[in-house]
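Below is one structure, written out as C-alpha cells; comments come after it.
The values are calculated or read from the model by the stated rules, or taken from the named source; none is laboratory data. Only a predicted model underlies this, so the values are computations on that prediction, with no experimental measurement involved. Every residue, glycine among them, receives a Cβ derived from its backbone with ideal geometry; neighbour counts consider all protein chains shown.
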Amino acid sequence: MSTSPKFWNKAAAGYAKRPIDNIESYEHTLSRTRSYLNSGQRVLEIGCGTGSTALLLAHEVEHFTAADYSSEMINIGIEKAQNQGVTNLEFLNADVFDDRLVTGGYDVVMAHNLLHLLENIPQTIARVSELLKPEGVFISKTPCIADRMAYMMPLIAVMRWIGKAPYVDSLKSAHLESMIEDENFEIVEASSFSQKAISRYIVAKKKH
C-alpha cells in the first residue's frame, strides 16, 4: 500500500462519523456475507477501518480478528467494541502481511472497500490464500472504477498529489476476478448491487 498510515490516521475521526453512502447496498452485502458465516468459524477482516462491519458480524462466529494498519482506526474500533460489550472481537494494528496473523488459521477472510487502495493486489490475494484454511472463503467488495467511472481517475490523481486522497487503482471487475482466480481461488459468487453500482461483491473459495 503506497499511502502511509499517516493519511488514514488523520482521516480516522471523520471516517468514523461519516454515514454509509448506500445503506440498502450495505445491508445487502451484510446479508450475503452472513450466509457464509457460522458459529464455529474464525474470521479475519483486513482493512477493517473503525470496525463497523466487524461489530455487526462478530456475533455470527466463534472469533473475529479485525486488522487495519491505521492505529487511529483501530483505537476507535476498540473503543466501540468495549462500549458495545463485544468480547469475541480482537482488533489488531496490522496489514495482511503481519506475522501475527496465523497462516492457515482462518475459515473466512474479508476485505471490504480495500483492494482498490492497494498497489500490491496479487500479492495481497496470495497472502489471503496462505491465511485461509483449506476450502476457506475470501469475501471482498471492491469499487471497480474503470467499469463505469474511469473519467474520475485524473481528479483522484490531483487530490492524491495535494494529500486529499489515497492511492486508488482503476480496476475493472473482470480483471479483479481474474487476479483472484490466479491465486488458487474458485469464484462462487460475483455480483454488483445494481447496474449503476461500481462495487463488485466477490466470494471465492480456496481450492485446496
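Pick from ASP107, ASP147: which is at pLDDT 95 or above, more than 15 Å from the chain's Cα centre (by Cα) and either of a type outside the set (Phe, Trp, Tyr) or surrounded by fewer than 19 Cβ atoms within 10 Å (Cβ to Cβ) (or both)? Give the derivation first.
On the way: ASP147 fails: at pLDDT 95 or above.
The unique qualifying residue is ASP107.
Within the range 195-207, is even one residue assigned to a loop (DSSP other than H, G, I, E, B), under 15 Å from the mean Cα position of the chain (by Cα), in contact (Cβ under 8 Å) with a residue 40 or more places away in the chain and under 19 Å from GLN123 (Cβ atoms)?
no
So which of ILE139, ILE78, ILE121 is under 15 Å from the mean Cα position of the chain (by Cα), under 19 Å from HIS63 (Cβ atoms) and not acidic (Asp, Glu)?
Values: ILE78 fails: under 15 Å from the mean Cα position of the chain (by Cα); ILE121 fails: under 19 Å from HIS63 (Cβ atoms).
Only one candidate passes the filter, namely ILE139.
A quick yes/no check of all residues on (1) among the small types (Gly, Ala, Ser); (2) touching a Cys at 6+ places or on another chain (Cβ under 9 Å); (3) within 29 Å of ALA146 (Cα to Cα):
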| site | (1), (2), (3) |
| --- | --- |
| LYS6 | no, no, yes |
| LYS10 | no, no, yes |
| ARG42 | no, no, no |
| HIS59 | no, no, no |
| HIS63 | no, no, no |
| ALA66 | yes, yes, yes |
| ASN83 | no, no, no |
| VAL86 | no, no, no |
| ASP99 | no, no, no |
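So which residues in the range 81-112 are free of Cβ contacts under 8 Å to residues at least 40 places away in the same chain and charged (D, E, K, R)?
Result: GLU90, ASP98, ASP99, ARG100.
Looking at the range 2-37, which of the residues that are part of a loop (DSSP other than H, G, I, E, B) and either at pLDDT 90 or above or on the phi > 0 side of the Ramachandran plot (or both) is surrounded by the most Cβ atoms within 10 Å (Cβ to Cβ)?
LEU37
Sort out which residues of the range 86-142 are in a strand (DSSP E or B) and of a type outside the set (A, V, I, L, M, F, W, C), and write them in order of number. I'd like the intermediate steps shown before the answer.
Let us first name the residues in the range 86-142 that are in a strand (DSSP E or B), namely 89-93, 106-112, 132-142.
GLU90, ASN93, TYR106, ASP107, HIS112, LYS133, PRO134, GLU135, GLY136, SER140, LYS141, THR142 - these are the residues of the range 86-142 that are in a strand (DSSP E or B) and of a type outside the set (A, V, I, L, M, F, W, C).
I'm checking my understanding of the structure. Among residues of the range 65-97 that are of a type in the set (Asp, Glu) and within 11 Å of ILE46 (Cα to Cα), which one is surrounded by the most Cβ atoms within 10 Å (Cβ to Cβ)?
The qualifying residue surrounded by the most Cβ atoms within 10 Å (Cβ to Cβ) is ASP68.
Here are some conditions: (1) farther than 17 Å from LEU115 by Cα; (2) surrounded by 12 or more Cβ atoms within 10 Å (Cβ to Cβ). ILE180 meets all but one. Which one does it not meet?
Failing condition for ILE180: (1).
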